[in-house]
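Read through the structure below, which is laid out as structure tokens, and then see the notes.
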Amino acid sequence: MAGNAAFTVRGGPKLAKALDRMGDRLDDMRSVHGEAASVVAERARALAPKVSGALADSIRVEAADGGAVVLAGDSFVPYAGPIHFGWRERNIEPQPFMTDALDDAGPDVRNAYADGVADIVRTFDREAP
């Protein structure tokens with residue numbers, strides 16, 4: 001399945017508002033986002049087509065307070081997009097390893113978020129006056 005992929009947390013704005021009330025704990029969400037995205041990145045590395053291994057090696061996670069992304073390719077691996085999405089004019093068939101990774105890892109991503117948020121809440125409860 002080729003195309004843009006996203007993972008939406010239902011109730012995300014409500015969760016963000018609650019976390020905002022928790023103050024510094026919101027900073028901890030960066031690591032939760034990173035952990036969840038790392039699950040997808042690991043699966044994407046396994047699914048990436050391998051010739052030299054450079055494509056799989058280029059897969060990385062960038063996490064921030066508001067979310068995380070899994071990226072493939074860089075200046076040394078400029079072909080990540082054509083491999084994933086295909087290139088009709090060059091007879092390159094799509095090999096959607098990134099979106100397949102997200103599809104495969106969905107339950108583990110949900111678990112990473114559930115565990116991460118639960119840890120933040122437990123920490124907040126221990127630290128609350």
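Out of (1) β-branched (V, I, T); (2) assigned to a helix (DSSP H, G or I); (3) over 15 Å from P49 (Cα atoms); (4) at pLDDT 95 or above, the odd one out for I83 is which?
So the condition that I83 fails would be (3).
Scanning segment 69-85 for residues that are within 19 Å of V40 (Cβ to Cβ) and of a type in the set (A, V, I, L, M, F, W, C), which turns out most open to solvent (accessible area, probe 1.4 Å)?
Here is the first cut: in segment 69-85, the ones within 19 Å of V40 (Cβ to Cβ) are 69-74, 77, 80-81, 83-85.
Those left that are additionally of a type in the set (A, V, I, L, M, F, W, C): 69-72, 77, 80, 83, 85.
Working: V69: 71, V70: 35, L71: 54, A72: 34, V77: 8, A80: 8, I83: 37, F85: 106 Å².
Within segment 69-85, the match that is most open to solvent (accessible area, probe 1.4 Å) is F85.
Quick one: count up the residues across segment 99-112 that are open to solvent by 40 Å² or more (accessible area, probe 1.4 Å) and either without any contact (Cβ under 8 Å) to a residue 12 or more places away in the chain or under 16 Å from L55 (Cβ atoms) (or both).
We begin by selecting, within segment 99-112, every residue open to solvent by 40 Å² or more (accessible area, probe 1.4 Å); these are 100, 103-104, 107-108, 110-111.
Next cut, either without any contact (Cβ under 8 Å) to a residue 12 or more places away in the chain or under 16 Å from L55 (Cβ atoms) (or both) only: 100, 107, 110-111.
The qualifying residues number 4.
Take the residues in segment 46-57 that are of a type in the set (G, A, S) and not in a loop (DSSP other than H, G, I, E, B); name whichever of them is least open to solvent (accessible area, probe 1.4 Å).
First, the residues of segment 46-57 that are of a type in the set (G, A, S): 46, 48, 52-54, 56.
Next, only the ones that are not in a loop (DSSP other than H, G, I, E, B) stay: 46, 54, 56.
Numbers: A46: 66, A54: 34, A56: 8 Å².
Here the residue is A56.
Among the residues of segment 58-68, is there at least one that is in a helix (DSSP H, G or I) and either modelled with pLDDT under 95 or open to solvent by less than 70 Å² (accessible area, probe 1.4 Å) (or both)?
no
Select, from P82, P78, the only residue that is free of Cβ contacts under 8 Å to residues at least 40 places away in the same chain and touching a strand residue (DSSP E or B) at 6+ places or on another chain (Cβ under 8 Å). Can you show your working first?
Working: P78 fails: touching a strand residue (DSSP E or B) at 6+ places or on another chain (Cβ under 8 Å).
From the options P82, P78, the qualifying one is P82.
Considering segment 69-79 alone, what residues qualify as being under 12 Å from M98 (Cα atoms) and part of a loop (DSSP other than H, G, I, E, B)? Outline the logic, then answer.
Narrowing segment 69-79 to residues under 12 Å from M98 (Cα atoms): 69-73.
Answer for segment 69-79, where residues must be under 12 Å from M98 (Cα atoms) and part of a loop (DSSP other than H, G, I, E, B): A72, G73.
Among the residues of segment 20-31, is any farther than 19 Å from R122 by Cα and either of a type in the set (S, T, Y) or modelled with pLDDT under 95 (or both)? If you could, list the steps in order and put the result at the bottom.
From segment 20-31, those farther than 19 Å from R122 by Cα are none; that's our starting set.
No, because not a single residue in segment 20-31 is farther than 19 Å from R122 by Cα and either of a type in the set (S, T, Y) or modelled with pLDDT under 95 (or both).
Failed condition for R88, given (1) open to solvent by 30 Å² or more (accessible area, probe 1.4 Å); (2) in contact (Cβ under 8 Å) with a residue 60 or more places away in the chain; (3) not β-branched (V, I, T), with all others met?
Only one criterion is unmet by R88, namely (2).
The values are calculated or read from the model by the stated rules, or taken from the named source; none is laboratory data. Owing to the predicted nature of the structure, the values given are computational and were not obtained by experimental measurement. Neighbour counts are summed over all protein chains in view; Cβ atoms, including those assigned to glycine, are modelled from backbone coordinates with ideal geometry. The accessibility values were calculated without ligands, DNA or RNA, using every heavy atom of the protein model including side chains. Shrake-Rupley method; radii C 1.70, N 1.55, O 1.52, S 1.80 Å.
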